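Read the figures in this text as sums done on the coordinates, not as results from a lab. Just so it is clear, the model here is predicted, and its values are computed rather than measured. When we count neighbours, we look across all protein chains shown, and the Cβ atoms used for this are built from the backbone with ideal geometry, even at glycine.
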Amino acid sequence: MVFTTASGKKLVTVIPGDGIGPECVNAAVRIIEATGAPIEWEERHAGERVFKEGLASGVRPDTMESIAKTRVVLKGPLGTPVGYGEKSANVTLRKLYETYANIRPARELPGVPTPYSGRGIDLVVIRENIEDLYAGIEHMQTPGVAQCLKLISRKGCEKIVRFAFEFARAEGRSSVVAATKSNIMKMTEGMLKRVHEEVAKEYPDIEAWHLIIDNTAHQLVKKPEQFDVIVTTNMNGDIISDLSSALIGGLGFAPSANIGNDVAIFEAVHGSAPKYAGKNVINPTAVILSAVMMLRHLGEFEAAALIENAVLVTLEEGKKMPRDVVGDERMATTTEYTDEIIRNLGRKPANWKVRDYKPIKLPEVTKDPVMVRPQQRRLAGVDIFVESPLPTEELGRSIEDLARGTKLHLKMISNRGTKVYPAMGAITDSVDHWRCRFLANEGASIGDSDVLDLITKVGAKHRWMHIEKLEEIDGEPGWTKAQGED
Ligand code: NAP
């Protein structure tokens, strides 16, 4: 949905951002205006200056009103000044508008020498943008042990995986690789792997395979040209997309888009690089290529190709090159480089071709918060996490005694995921954070009151800070075992 102004132009919210942001965004706006594309801008603010005005979110209400209207944002990087608010305004913007798909293309560029030049790198990392450790749910469970929840939903996986396949189709790409750590995190990372396997069957024209994320990093450095589209969870995607940017010349050339079903935000991967702010020396290509992605999102395919071709011509000819490619001595200023791109509008590079693009069909995923409705669920036990300075054996015997007379029994205790009680020979350096796993006694049917009874008994003697119910869902255990647990 695009907002069209009275003069028939498409309205875009533009956020200049902090540090080098205004220079980069200004370059992109000037180039778009030079193409004559029917775009009108509504300038709004977020980031440092807004934090300093006293708004802890870093996003002004009139910025949110503008985005709610235009649904499309071109933004410069935003800084999070120390001492003003604790959440990044970038992450806030991505999350406020459920922009669940972060697209980060990495394509070899002419005139930008790298150790990979000539190998034809042309890949796209599609990173889930909302969930995972970035849900930001953190707690100090004991004064010395912190926890961050890794939340992955079936709905989130379906959205990002379907998006990745639709994106591959729109760009005429041939493969979608899922990169996960499912070998270790079978339920969270494993969910993305399973959904990828299922959804891939609906796209027989696209090759699909799975790679463990650490091997993906290794393969990206060793043979990056083998990749087309990589779909992955938030944290993995954060890391491998920066790695991918480095393969094609660094942050000055790495564009990105954050796409949701309602709002899309286009920005460079890089930050506000404050030391270069206002010096007219930075490379604006990443924001310019982000603006190209924005034009395609708005259906302005012709203007997008015009700009992408002009960037390629400029780099291929190398008459005016940014500082991060040719160094201080031979660099063109940001303005000179931008002027050169504008001069090259209408030309095509000699040896490079711009892809043919089609609109991306955004996947339709239910608005219903419940996506999985099992036939059966059964409460099988509970993990009670306790803080204790006691030695393992003493703690184990105490907890075992406390469970006697309840409908549950202690199955084992683990310390940071490794079973330590009953002892099985593990040599661990334990901390004061123990997971005590209780299962229902043979033949007993348990409910919440039995769990509460157990917590009360354990809590009378030990400090507990967290519990997790153990549920069987359609006969399958909804929990994983500790290392060493049978
Ligand atoms: P950064 O701003 O990306 O800068 C790191 C380095 O990357 C720069 O010193 C420079 O390297 C190079 N670089 C970045 N952009 C460039 C460009 N356009 N042209 C040429 N070189 C470029 O990362 P940071 O210093 O870690 O972060 C600074 C601030 O930005 C922080 O407040 C951070 O929170 C914020 N940030 C915002 C976003 C966002 O808005 N999406 C993303 C990341 C960071 P050399 O020093 O080698 O020249």
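Annotations
- Overall form of region 162-257 per C-alpha gyration tensor (a/c, 1.5; a/b vs b/c): oblate
- Cα-based shape type of region 412-486, given that a ≥ b ≥ c are square roots of the gyration tensor eigenvalues and the cut on a/c is 1.5: oblate
- Of all DSSP beta bridges in the chain, antiparallel share, percent nearest 5: 65
- In region 1-153, Cα pairs under 8 Å separated by at least six residues give a relative contact order of 19 percent.
- Filter on Lys69/Lys159; Lys319/Lys353; Lys411/Lys469; Lys150/Lys419 - keep pairs with C-alpha separation over 18 Å: Lys69/Lys159; Lys319/Lys353; Lys150/Lys419
- Label point of Ser88 set 7 angstrom out along Cα-Cβ; within region 14-46, amide nitrogens under 14 Å from it belong to 18.
- The overall shape of the chain is prolate: from the C-alpha gyration tensor, with semi-axes ordered a ≥ b ≥ c, the ratio a/c is 1.5 or greater and a/b exceeds b/c.
- 3J(HN,Hα) from dihedral phi, region 415-424, Karplus parametrisation 6.51/-1.76/1.60, rounded to Hz, x for glycine, proline: 10, 6, x, 10, 5, 10, 8, x, 4, 9
- Long-range amide H partners of His433 with built H, under 5 Å: Ser388
- Remark: region 14-20, residue by residue, has Karplus-estimated 3J(HN,Hα) of 10, 10, x, x, 10, x, 7 Hz, where x stands for each Gly or Pro and the curve is 6.51 cos²θ - 1.76 cosθ + 1.60 at θ = phi - 60°.
- Each of Lys186, Lys457 was scored by other Cβ atoms within 10 Å of its Cβ. Arranged with the fewest first, they read Lys186, Lys457.
- Within the same chain, aspartates and glutamates fewer than 8 places from Lys95 are excluded, and of the rest, those with a Cα less than 16 Å from its Cα are Glu65, Glu86, Glu128, Glu131, Asp132, Asp238, Asp262, Glu267.
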